[in-house]
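To start, the structure under review is shown below, and the notes come after it.
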Amino acid sequence: MNALQKFVCRLLTVVPVFVLGYCPLSHAQEFDSRIASVFLINFAKQVQWPPQSSSGDFVIGVVGNSSIISELKGNSLQVKINGRTIIVKPLGAQALPSEWKACHMVFVGKAETKALSGLSDTLGDAPVLVVGEGEGQKGSTINLFINKIEGRPKFELSRVTLEKHGLKATAMLLNLAVAI
């Protein structure tokens, strides 16, 4: 076997291992859900709700992305939002307006972005923080996404929508966000 053949054999052995090592499909969704779950809880800690929404359990509604529901439920056993117990509530895209408004935060998974289009009308100015998955989503207050260039999680925040819902963000959250 000449040097070129040896090189090609090594290349054919190493490249698949390298590619598979960096593309574990079974772990990709789980990893994303863990990141999103941590972001959602931190968003909740960095946003202030009006007095009428600042007591009782802290309800997070989730549309789509069932893997994040289990992550949030797991985290809710260990974390509180300003001393409040976290309740995770799965919501269908056809949920009643009263179900949406009973939440403090609603997370809309990327596969359910159609739900965002009418959600703004449904909520009106109710104090609900809507978080969408994916860059540039319309109808949400915060959009959580992976920056393709840096490969890191980032988020966009609309101050106008935040104020419309009577919510206030900390300076830290505003400084970390990409403004939309």
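Loop-located GluC sites (Glu not before Pro) across segment 119-180 with a Cβ neighbour count of 10 or fewer within 10 Å are 150, with loop assigned by DSSP.
Considered as an equivalent ellipsoid built on the Cα gyration tensor, segment 78-180 has semi-axes of 21, 17, 15 Å, the largest given first.
Could you pull out every one of the lysines with an alpha carbon less than 30 Å from that of residue 45, ignoring same-chain neighbours closer than 8 positions? Hits, sequence-local ones excluded: 73, 80, 89, 101, 110, 114, 138, 148, 154, 164, 168. Averaging the sequence gap over all C-alpha pairs within less than 8 Å and six or more residues apart, then dividing by the number of residues, gives segment 40-119 a relative contact order of 39 percent.
No lab work stands behind these numbers, since they all come straight from the coordinates. Please read these numbers as outputs of a predicted model, since none were measured by experiment. Note that each Cβ is placed from the backbone with ideal geometry, even for glycine, and that neighbours are counted across all protein chains shown.
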